[in-house]
Amino acid sequence: MYAKILHYLIFFLFFLGSPTIFAGDQTFPGDNAPIIRWKSQIALRSDVIKKPSLFSRLKNLLTGSPQQIFIRPSSLIKDSMNNLWITDPGDHCIVKINQQVGEITHLRPSAPLRLPSPIGIAQGPDNQIYITDSATGQILILDSGALSFQLFNDTLQLVRPTGIAYSNKNKQIWVVETGKHRIAIFNTHGRLIRYLGQRGNGPGEFNFPTFIHIDQNGTVYVVDSMNFRVQLFKSSGEWITMFGSIGDATGYFARPKGIATDSYGHIYVVDALFNAIQLFNKEGDFLFYFGEPGRDAGQFWLPLGIYIDSEDLIYIADSYNGRIQIFEFLQGGSHE
């Protein structure tokens, strides 16, 4: 029993964290280099709903409804209709934001389904969105059209699932099973295909992995968090390479979490303890970082998830600041 309590204590401590590294544009080293520019944030209802209706204003006045959208956002995606879908374990829900029409929807499944701790989220085929819940050990499917939930596999019981990603290359769902130090791979019908990895520090082994990303070529990026590194795999599961180690300087990791790639192949890794995002090239060489502790624009407090869209807009789940921050990647010379 004590071992089990210690196991969960380590998990929760690991998902918290706090030191180092923004105001204005952040530039890569070199002449005519790309820059990362802060664009906007989504935190309050007024960030989305610019002109609330009279009914909404009266309702907020009478009920004292908070203007904050999130409590503790964790992960996010953006669909083909430009809707944002965000997991919020602090509010036990999924938040849908349609910025075009100024609509905010907090989604919760009907009993007996629950979302006490939604962490990972991934866009699948046919309007399906996959969500991991680290508390129940289940994966839920959200129909983005009908806004209804169902179980991905009603016999499935994972141990602390966190990150999740869908591979367009082979139509598979890859789930990080943090509590078992491995990856569970499924087909779209919920059938388990195989497990990948075990606890250890060798190639293809993990120590409390968390977040995962699969790019358009099918390359899989796994944040092997307590080994303080990122591991890369082919869509077949074959190990490719890894980079990173523990440290308190740029290019090292303290509490790596979310991961994503942009259209240029840069690898972005969110480090919750550094309150920063670090960029690497395809070979794992450190390029650049942006962010520092704080609550202002471009500052973070225990950030977690990251999503980069086709236009290289960078969305960061600034978890303990209760907001989504949006940055843009500008290629060299496009600084105006």
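State whether the residues of segment 263-270 include one that is open to solvent by less than 10 Å² (accessible area, probe 1.4 Å), of a type outside the set (A, V, I, L, M) and under 17 Å from the mean Cα position of the chain (by Cα).
Step one: of segment 263-270, the residues open to solvent by less than 10 Å² (accessible area, probe 1.4 Å) are 267-270.
Adding the requirement that they be of a type outside the set (A, V, I, L, M) leaves 268.
Checking the rest, the ones that are also under 17 Å from the mean Cα position of the chain (by Cα) come to 268.
Yes.
Quick check on residue 260: is it aliphatic (A, V, I, L, M) and under 18 Å from residue 39 (Cα atoms)? Quick ask: steps written out before the conclusion?
Details: aliphatic (A, V, I, L, M): yes; under 18 Å from residue 39 (Cα atoms): no.
Considered against the rule, which asks whether it is aliphatic (A, V, I, L, M) and under 18 Å from residue 39 (Cα atoms), residue 260 comes out as no.
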Residue that is assigned to a strand (DSSP E or B), within 15 Å of the chain's Cα centre (by Cα) and farther than 22 Å from residue 201 by Cα, where the choices are 314, 259: 314
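Yes or no: residue 285 farther than 24 Å from residue 216 by Cβ and open to solvent by 40 Å² or more (accessible area, probe 1.4 Å)?
Numbers: farther than 24 Å from residue 216 by Cβ: no; open to solvent by 40 Å² or more (accessible area, probe 1.4 Å): yes.
Answer is no for this residue.
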Residue, surrounded by the most Cβ atoms within 10 Å (Cβ to Cβ), within segment 311-330, restricted to residues that are of a type in the set (Gly, Ala, Ser) and in contact with a strand residue (DSSP E or B) (Cβ under 7 Å, 6 or more places away or on another chain): 317
Flagged pairs (Cβ under 7 angstrom, 6 or more apart or on separate chains; first in segment 112-123, on the phi < 0 side of the Ramachandran plot and open to solvent by 20 Å² or more (accessible area, probe 1.4 Å); second part of a strand (DSSP E or B) and of a type in the set (Val, Ile, Thr)) are 123/77; 123/129
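Yes/no per residue for (1) of a type in the set (Ser, Thr, Tyr); (2) modelled with pLDDT under 95; (3) open to solvent by 50 Å² or more (accessible area, probe 1.4 Å); (4) part of a strand (DSSP E or B):
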position	(1), (2), (3), (4)
51	no, yes, yes, no
55	no, yes, yes, no
59	no, yes, yes, no
65	yes, yes, no, no
71	no, no, yes, no
77	no, no, no, yes
82	no, yes, yes, no
87	yes, no, no, yes
90	no, no, no, no
Residue list for segment 208-251, restricted to those being more than 26 Å from residue 76 (Cβ to Cβ), modelled with pLDDT of 95 or more, open to solvent by 30 Å² or more (accessible area, probe 1.4 Å) and assigned to a loop (DSSP other than H, G, I, E, B): 234, 236, 238, 245
Could you give me the residue pairs with C-beta distances under 9 Å whose first residue belongs to segment 127-146 and is more than 12 Å from residue 115 (Cβ to Cβ), whose second residue is among the basic types (Lys, Arg) and crowded, with 18+ Cβ neighbours inside 10 Å wherever it lies, and which are 6+ apart or on separate chains? 137/160; 144/96
Checking residue 175 against (1) part of a strand (DSSP E or B); (2) open to solvent by 30 Å² or more (accessible area, probe 1.4 Å), which test does it fail? (2)
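Restricting to segment 180-203, count the residues that are part of a loop (DSSP other than H, G, I, E, B), surrounded by fewer than 19 Cβ atoms within 10 Å (Cβ to Cβ) and in contact with a strand residue (DSSP E or B) (Cβ under 9 Å, 6 or more places away or on another chain).
As a first pass, look at segment 180-203 and keep what is part of a loop (DSSP other than H, G, I, E, B): 181, 188-191, 197-198, 200-203.
This time we only want the ones that are surrounded by fewer than 19 Cβ atoms within 10 Å (Cβ to Cβ), so: 188-191, 198, 200-203.
Filter once more, keeping what is in contact with a strand residue (DSSP E or B) (Cβ under 9 Å, 6 or more places away or on another chain): 188, 190, 198, 200-201, 203.
So the count comes out to 6.
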Looking for something open to solvent by 10 Å² or more (accessible area, probe 1.4 Å), in a strand (DSSP E or B) and in contact with a Lys or Arg (Cβ under 7 Å, 6 or more places away or on another chain) - is there at least one such residue anywhere in segment 93-105? yes
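The values are calculated or read from the model by the stated rules, or taken from the named source; none is laboratory data. Since the model is a prediction, treat every value here as computed from it, not as a measurement. Backbone-built Cβ (ideal geometry, glycine too); neighbour counts: all protein chains shown. With ligands, DNA and RNA removed, areas are computed over all heavy atoms of the protein, side chains included. Shrake-Rupley method; radii C 1.70, N 1.55, O 1.52, S 1.80 Å.
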